[in-house]
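Below: the structure, in structure tokens.
Nothing in this text is a laboratory measurement; each read-out follows from the coordinates by a stated rule. Only a predicted model underlies this, so the values are computations on that prediction, with no experimental measurement involved. Here the Cβ is made from the backbone with ideal geometry for all residues, glycine too, and neighbour counts use every protein chain on show.
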Amino acid sequence: MTPEADQAQNPARQKCTECGLVNAGDDVVCRRCGSSLDEQHPVAAQVHTEFSAESNPNKRSLLKRLTWIVAATVIGLLICYLSLLMTSDGLQPDQREAVQKAIAVLAQHGFNREAFILKHLTVFRGTDSWWNRYIGHRDAYAATNFPFEVVTLYPEFFTVPVDDTERASVLLHESNHLMGGGEEAALGYAWRNKRQLGWTLDKYKQTRIWNATEQLTRAEFPYMFKCGSDSQSDCF
């Protein structure tokens, strides 16, 4: 009988772990040493196991590379985050107090998610970091570095708003940036929710922040100003 024919008749041959003899698939004990083969695995299964073991190093190598990539990314982000803090100054005590009051206004009017992010996840700075200086920015009351959750508050944030509610309206705008929204999204979000905040026309129509925000919003979202008898009034 040829080896091929023998293998066809006995496809699941068994190798004795005691003496190494390869026995037939239907053998119960080893033909050489008499050891029981009940617990032995077929040669084919052993070959498959060895093949799987040989392929594992490649899988481990891929996992190792992915781990290094993730670790390098995290370290890079951490270094960038620390550099933003190291190249900027924090707020003064009176400025921190003003920020906390504005955040409290947001919480009082139902903006709990925004208040939580601003209070617990955001780092406020009083001067520009290297990144803000590099990219520059137009005249603003604040600037946000997403996804690092760093908000820079400029002197105008503390001097131009007439009260804590107006400062809260600025933080409401910035909270949208902290959640990944762009400038258009933040502008529209703050304007649509101004009544809930208590930042309304009858109380703030003469303030600089109201006028500037209305002009920007009207230019960006003209459909928001198509209401009223003249079809040009604010719909929100």
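Multiply the residue gap between D89 and T67 by 0.36 nm, knock off their C-alpha separation, and tell me the result in nm, one decimal place.
Gain on stretching D89 to T67: 4.5 nm.
Applying 1/(1 + (r/R0)^6) with R0 = 41 Å to the Cβ-Cβ distance of E184 and K15, what FRET efficiency is obtained, to the nearest 0.05?
The calculated FRET efficiency here is 0.05.
Students often get this wrong, so check it: of K194/K226; K119/K194; K119/K226; K15/K64; K64/K119, which have C-alpha atoms separated by over 26 Å?
Long pairs (Cα-Cα over 26 Å): K119/K226; K15/K64; K64/K119.
Under the 0.36 nm per residue contour assumption, what length would be gained going from the current alpha-carbon distance of E97 and Q196 to full extension?
33.3 nm
How large is the dipole of the stretch 93-225 about the Cα centre if only Lys and Arg carry +1 and Asp and Glu carry -1, each at its Cβ, rounded to the nearest 20 debye?
Numbers: 15 positive and 16 negative charges, 39 e Å.
Once rounded to the nearest 20, the dipole reads 180 debye.
To the nearest 20 Debye, how big is the dipole of the stretch 196-236 about its Cα centre, given +1 on the beta carbon of each Lys and Arg and -1 on that of each Asp and Glu?
100
Would you work out which of N112, T122, N145 lies farthest towards the positive end of the dipole of the stretch 100-216? Charges go on Cβ: Lys and Arg +1, Asp and Glu -1.
Working it through, the farthest residue towards the positive pole turns out to be N112.
Compute the FRET efficiency between L78 and I135 as 1/(1 + (r/R0)^6), taking r as their Cβ-Cβ distance and R0 = 25 Å, and round to the nearest 0.05.
0.75
Taking Cα atoms of the stretch 93-225, Rg/Rh with Kirkwood Rh, to two decimals? Walk me through the numbers before you get to the answer.
Values: Rg = 13.9 Å, Rh = 14.9 Å.
That ratio is 0.93, to two decimals.
Bin by bin, in steps of 5 Å, what percent of the Cα pairs in the stretch 125-193 do you find, going until the bin that has the longest distance?
It works out to 3, 17, 27, 27, 19, 6, 1, in whole percents.
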